[in-house]
Amino acid sequence: MITRPKPEKFRLRRSMMFMNAQKPGLIKDAYIYGTDSIILDLEDAVAENQKDMARFSLYNAMKSIDYGDTEVIVRINGLETPHWQEDIRCCVAAGVDGIRIAKCESADDVKKVEAAVDSAEKEFGVEEGRTLLMAALESPLGIMNAYQICTASDRLFGCAISAGDFRKSMHVKIEKGGIEMFTARGQVVMAARAAGVQCFDTMWPNIDDEAGFEAETIQAKKLGFDGKSLVNPRQIAFVHQTFAPTQKEIAYAEKLVRSFNEQADSGVGVYTVDGKMVDIPFFEDARRTIDMAKKTGVYHGDL
Amino acid sequence: MEIKKNAVAGTLESSDAQITVEPAQGKLELNIQSSVLNQYGRQIKKVILETLDNLDVKSGRFYVVDKGALDCTIKARVEGAVYRSADAAEKDIKWGALK
Amino acid sequence: MADYTVEKIYTSDKRTMKLVDELLNNEGIKRDKNLDYTCGVFNARDELVATGSCFKNTLRCLAVNHEYQGEGLMNLMISHLVDIEQERDNWHLFVYTKVSAFKFFKTLGFYEIARVQDQLVFLENRPSGFTDYLAQLDSDDHLKLKKSQKVASVVMNANPFSLGHQYLIEKAAAENDIVHLFMVSDDSSLIPFEDRKRLILAGTRHLNNVIYHESGSYIISSATFPSYFLKDSETVIKTQAQLDIDIFVEIANYLGITHRYVGSEPFSQVTSIYNDIMVRELQERGVTCMVVPRLKVDGAAVSASQIRLALKEDRLDDVQRWVPQTTLDFFKSAEGQRVIARLHRSTNVVHY
């Protein structure tokens, strides 16, 4: 029986691929695609009359399939449904890494889920605090409350914007260039950064329009997102490549790290690089860049 | 658990198994259809019987159509069918006891 | 894996139903007139790529666009249809399919009951369904003596039970030690099975050597026989006749039946073709088919369809001439009136 190591709250999450938890053909080898995270879906992908079966499928998959380094997150059913509490019991007992709260609208929603996770961890003898959370922001209200949501729980590692329902609520359609999502995306990234958590862009719905997908992925990277949701394995490579740091970014990051190490050794209190003063968060960011470059396989240096 | 009514779990899709259960007075009956019955029939049967034993199911008629499912999938479908037949699949599952 | 969704198709959705018909036609199938649920499999571009239907406990009109074959869409769709059937509390399911599709259905947990060479295979999803059916037929104590006896059989829809039916059974009962009476229980007739059964029992109560059986799903009425993949109407009649006879012979062998009694068919060409095949085939397989000339009243043969027409037109005087008192009493009762009301609403009472 598989027991997964304690999940890391902050780790590389460039790609999060959704798959229906009720489909054994999909989840049996979900780790071979090499996405950073998979999201086993108990919500939209699962028909209303199969919610119960999907949990048994999820539980047994977690207990016997070794997903290795691939992070396993489960999208549970919305808090307005009769399913979410049992979803949480199942996830915690099965030892998943994290729970994605669908249609999260307020800090209260996060706290509700957190309370249910707390009690499930006690019930099933799981280390308290082990199960991570992320919030999916899918409505104007959820996005307005993004900062409160992002700071509502220590378990919460990030938030994702989910555009399908959001566009409907806003009475807009998907537009080339993404102007209809512009404010929402900006708000979500800013809230996540202010709260010190990660943020993830929505999935691209039209699998045939590759150019559209690529443009949106690049835009998400430029806006500051940490990664993107996916539904199709064909999209993984592009997302990984886009969210990987460029050689120029790596070179600058290396310079920051080297200079920090030198100055730290010499006990200087104020840090400068090329004669300019540099604040501590810049160094943290540089380390993150190097780390990501290593994980993406584009780092060839010696740090 | 007691098999109280007919129930079905799973699908006929590749890598899945469809398990139908009916009440049977005091008997445990297993019917397996699988394209890999020759190679894996014994293993499939073993997984089903272990799962039923763990759920303390003593009687019932089981029809299994295997489409190349992993053991964990067969186990999930057996558990699903049994819990459904006992009208207990929706909530308060004893997850920890499912082994 | 590409994304496919299975969705219910509403018959009132003419546009999608037209696509269903096109898909079926391309696969050499006509849409069955008897369907009570239809679904479609759609690809990511929302194009219909497969369709399948149910009628009561049977799966019908199953087709996958040939460009999409080999992607497991049939498995996906049948899983869905099984779920739908299960929601309607139908667990024991039947499929009639082309011989070429037999192997495929076998891998989906269906087992052969009978087949008509080069035309069709009749399958069920229970490995011992038909044997179990046979086993429950001789739960009756009478049968312990069967070997030394003359055993006959009558199969009837009795829609409704008339003097003609009564005459046929009386004749079989007088000429044999035991008569196995199979009542077609498939509920597609205008007169519900429960009522048809009650009238048969009432009208034969005076006979003490009749054993009653329900036909279950193994013998169905021609009204619901699935013919969507057979090429013309004569093939349909012949195929159904052969399938029915095949199943009947199995039952006959099991129960030791040596004679089958049928009424002659002066009215319907379909039934007449059916009877001709039956006489010939049964003879070949060791069962004598006794074609009994129809009972005549005032010079005309009694016909159930004429009785239904008379009921619909409120000609109870005519009905009275053609049915036993027991049947007449029923139609005068409140329950009988409800059946008559149903006949009033129906546009075609003759062909059911």
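The table for this structure:
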item	result
Violating pairs (Cα-Cα greater than 23 angstrom) within the set A:Lys23/B:Lys75; B:Lys5/B:Lys58; A:Lys122/A:Lys228; A:Lys6/A:Lys111; A:Lys63/C:Lys8	A:Lys122/A:Lys228; A:Lys63/C:Lys8
Calculated log₁₀ intensity ratio I(q)/I(0) where the Debye formula runs over C-alpha points of segment C:196-352, q = 0.12, 0.17 Å⁻¹	-0.66, -1.28
Alpha-carbon Rg/Rh ratio, for chain A, with Rh computed the Kirkwood way	0.98
Chain C: radius of gyration over Cα atoms, expressed as a fraction of 2.2 N^0.38 Å	1.07
Per-residue mean of C-beta atoms belonging to partner chains within 10 Å, peptide A:59-66	5
Over segment C:5-91, volume per residue of the alpha carbon convex hull, in Å³	88 Å³
Trypsin sites (Lys or Arg not before Pro) within segment C:189-247: DSSP coil, no more than 14 neighbouring Cβ in 10 Å	C:Arg205, C:Lys231
Ellipticity estimate at 222 nm from DSSP helix runs (n ≥ 4, -39,500 (n - 2.57)) divided over the protein assembly as shown, nearest 500	-12500 deg cm²/dmol
Calculated FRET value between B:Leu30 and A:Ala211, using beta carbons and R₀ = 56 Å, to 0.05	0.55
Computed label-point distance, nm, for sites C:Ser264 and A:Asp108 using a 7 Å Cα→Cβ extension	8.5 nm
For B:83-91, mean number of other protein chain Cβ atoms within 10 Å	3
Aspartates and glutamates with Cα under 17 Å of C:Lys30, excluding same-chain neighbours fewer than 8 positions away	C:Asp21, C:Glu22, C:Asp232, C:Glu234
Candidate lysines - alpha carbon under 29 Å from A:Lys222, same-chain residues fewer than 8 apart omitted	A:Lys9, A:Lys103, A:Lys168, A:Lys173, A:Lys176, A:Lys248, A:Lys255, A:Lys276, A:Lys294, A:Lys295
Other protein chain Cβ atoms within 10 Å, averaged over every residue that makes up A:25-32	3
Computed label-point distance, nm, for sites B:Arg42 and A:Met277 using a 7 Å Cα→Cβ extension	7.8 nm
Potential lengthening between C:Ala300 and C:Asp232 on full extension [0.36 nm per residue; Cα-Cα distance subtracted]	21.3 nm
Longest site-free stretch - chain A; sites: GluC sites (Glu not before Pro), DSSP loop, at most 15 other Cβ within 10 Å	A:176-303
Trypsin sites (Lys or Arg not before Pro) restricted to DSSP loop in segment C:254-352 with at most 15 other C-beta within 10 Å	C:Arg285, C:Arg315
The protein assembly as shown: Cα Rg divided by the 2.2 N^0.38 Å rule of thumb	1.25
Contact surface A-B: accessible area buried, both sides summed, square angstrom, 1.4 angstrom probe	2000 Å²
Extension gain from C:Ser346 to C:Asp89, taking 0.36 nm per residue of separation minus the Cα-Cα distance	89.8 nm
Reach of B:Lys99 by Cα under 12 Å, taken over aspartates and glutamates that are not fewer than 8 positions away in the same chain	B:Glu50, B:Asp53, B:Glu79
Spin-label model distance (nm) - C:Glu284 vs A:Asp29, 7 Å beyond Cα toward Cβ	5.1 nm
Alpha-carbon Rg with Dmax, taken over segment C:188-267, Å	15.1, 46
FRET efficiency for B:Glu2 and A:Glu123, using Cβ-Cβ distance with R0 set to 22 Å, rounded to 0.05	0.35
If the convex hull is drawn through the Cα atoms of segment B:7-89, its volume per residue in Å³	76 Å³
Cut-off 15 Å, label 7 Å out along Cα→Cβ of A:Ile218, residues of segment A:233-270 by amide N	A:238-244, A:246
Given 13 as the ceiling on other Cβ atoms within 10 Å, longest exposed-site-free region of chain C for GluC sites (Glu not before Pro) in DSSP loops	C:48-312
Fully extended contour minus Cα-Cα distance, from C:Gln337 to C:Gln117, at 0.36 nm per residue	74.7 nm
Once the Cα gyration tensor of segment A:247-296 is diagonalised, semi-axes √(5λ) in Å	20, 11, 9
Cβ-derived FRET efficiency at R0 30 Å, A:Phe10 paired with A:Ala251, nearest 0.05	0.80
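The values are calculated or read from the model by the stated rules, or taken from the named source; none is laboratory data. Since the structure is predicted, the reported quantities are computational estimates derived from the model, not experimental observations. Note that each Cβ is placed from the backbone with ideal geometry, even for glycine, and that neighbours are counted across all protein chains shown. Accessible surface is based on the protein model in full, side chains and every heavy atom, while ligands, DNA and RNA are left aside. Shrake-Rupley method; radii C 1.70, N 1.55, O 1.52, S 1.80 Å.
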